[in-house]
Amino acid sequence: EEVESMIAVFDSETVGSYAKVLNPQNKSMRLALHVTLGLAILQQVTGSEAAIVYTPFILRNAGLKSTRDQLLWVLPVGFAKLLGELFSVPNVDRLGRRPLLLLGSFLQFTCLSFLSVGFESAWDWRWLITLISLFMFTFEL
């Protein structure tokens with residue numbers, strides 16, 4: 001029903017504008033816009049790029065003193081992000097966007113919670129790099 005109303009709106013309009021996109025008159029289009037913007041904002045708030053940038057800092061504070069080693073251990077974090085993308089892209093249609101989004105969000109929350117506890121409890125840097133890598137993998141789901 002909603003999809004049909006969206007198609008009817010698109011078929012009835014011949015000229016588009018940004019005003020129509022940002023302020024849709026159709027209720028279902030307005031809902032779609034809010035969901036899309038909400039997901040985009042939440043994706044930025046989770047801070048996946050900050051995790052990559054601050055990985056050397058986290059590792060230094062966890063006891064890994066060599067700058068070379070700190071920067072070297074950023075590679076598995078980026079590789080985990082790539083693996084997450086390689087997993088989710090072919091499986092998103094088969095598994096569904098919503099289940100992957102909910103699973104990824106729950107796992108991100110779990111990883112960040114354990115990472116916070118581990119950082120404050122002075123866990124070994126190997127556990128922290130594992131948690132950061134898992135966070136990056138789940139971010140891409």
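Listing for the model above:
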{"item": "The stretch 13-96: trypsin sites (Lys or Arg not before Pro) in DSSP coil with no more than 15 other Cβ atoms inside 10 Å", "result": "Lys65"}
{"item": "Helix-only CD estimate at 222 nm, as mean residue ellipticity for the chain, using -39500 (n - 2.57) per DSSP H run (n ≥ 4)", "result": "-26500 deg cm²/dmol"}
{"item": "Cα pair count fraction exceeding 13 Å, expressed as % - the stretch 56-114", "result": "71 percent"}
{"item": "Accessible area of the chain belonging to carbon and sulfur atoms, whole % at 1.4 Å probe", "result": "67 percent"}
{"item": "For the chain: span of alpha carbons on each principal axis (Å, largest first)", "result": "64, 31, 24"}
{"item": "Whole-Hz couplings from phi, Karplus 6.51/-1.76/1.60, listed for the stretch 63-72; x for Gly and Pro", "result": "x, 8, 7, 6, 4, 4, 5, 4, 6, 5"}
{"item": "Heavy-atom accessible area per residue - the chain, 1.4 Å, Å²", "result": "70 Å²"}
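The values are calculated or read from the model by the stated rules, or taken from the named source; none is laboratory data. Owing to the predicted nature of the structure, the values given are computational and were not obtained by experimental measurement. Please note: Cβ atoms are built from the backbone with ideal geometry, for glycine as well, and neighbour counts cover all protein chains shown. Ligands, DNA and RNA are stripped out before the accessible areas are found, and what is left, the full protein with its side chains, is counted by its heavy atoms. Shrake-Rupley method; radii C 1.70, N 1.55, O 1.52, S 1.80 Å.
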